[in-house]
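Here the structure is laid out as structure tokens; the discussion comes afterwards.
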Amino acid sequence: MAKITYIEHDGTEHVVEVKTGLSVMEGAIRNNVPGIDADCGGACACATCHVYVDEAFQAETGRPSAMEESMLDFAENVQPNSRLSCQIRVSDDLDGLVVRLPESQH
């Protein structure tokens, strides 16, 4: 399990424990974190699970694949630390991960 902090655009924090092997998106959905729509269910076919990864965890979350980068083109306000949360697998190394949610997923 890894403790992940999801921070909504308005600053509201949701600290949840997410089972190893799930995606960061699945952790949000299973814990009713608002702001992650996940319209495609985690198939990397939309950009509605867009998050900003905290700088301290960018190395641990890895780099986006070419497919993920293509899908990020559809997200609003993409930043260098933007990722699709469906593409980040939870591991023990991600304990303490902080992700911020954009104002909108559409």
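The values are calculated or read from the model by the stated rules, or taken from the named source; none is laboratory data. What you see is a predicted model, and the numbers here were worked out from it, not measured in a lab. The protein model used for the area step is the full one, side chains on, heavy atoms only, and it has no ligands, DNA or RNA in it. Shrake-Rupley method; radii C 1.70, N 1.55, O 1.52, S 1.80 Å.
Across all Cα atoms of the stretch 42-87, the radius of gyration (one decimal) and Dmax (whole number) stand at 9.6, 27 Å. If you sort Glu8, Glu68, Glu17 by accessible surface, 1.4 Å probe, largest first, the order is Glu17, Glu8, Glu68.
Within the full protein context, the accessible area of Asp92 is estimated at about 110 Å² for a probe radius of 1.4 Å.
Taking every Cα-Cα distance in the stretch 63-106 and sorting them into 5 Å bins starting at zero, the pair-distance distribution P(r) comes out as 5, 19, 30, 24, 16, 6, 0 percent. Put the Cα centre of the stretch 1-27 next to the Cα centre of the stretch 47-88 and the gap is 15 Å. For the stretch 1-42, what is Rg from Cα atoms divided by 2.2 N^0.38 Å, rounded to two decimals? This ratio for the stretch 1-42 stands at 1.10.
Taking all protein chains into account, the per residue accessible area for the chain stands at 53 Å² (1.4 Å probe). Determine the relative contact order of the chain: mean sequence separation of Cα pairs under 8 Å and six or more apart, normalised by residue count, in whole percent. It rounds to 42 percent for the chain. Full extension of the segment from Ala59 to Phe74, taken as 0.36 nm per residue of separation minus the current Cα-Cα distance, would add 3.0 nm. For the chain, the convex hull spanned by the alpha carbon atoms encloses 85 Å³ per residue.
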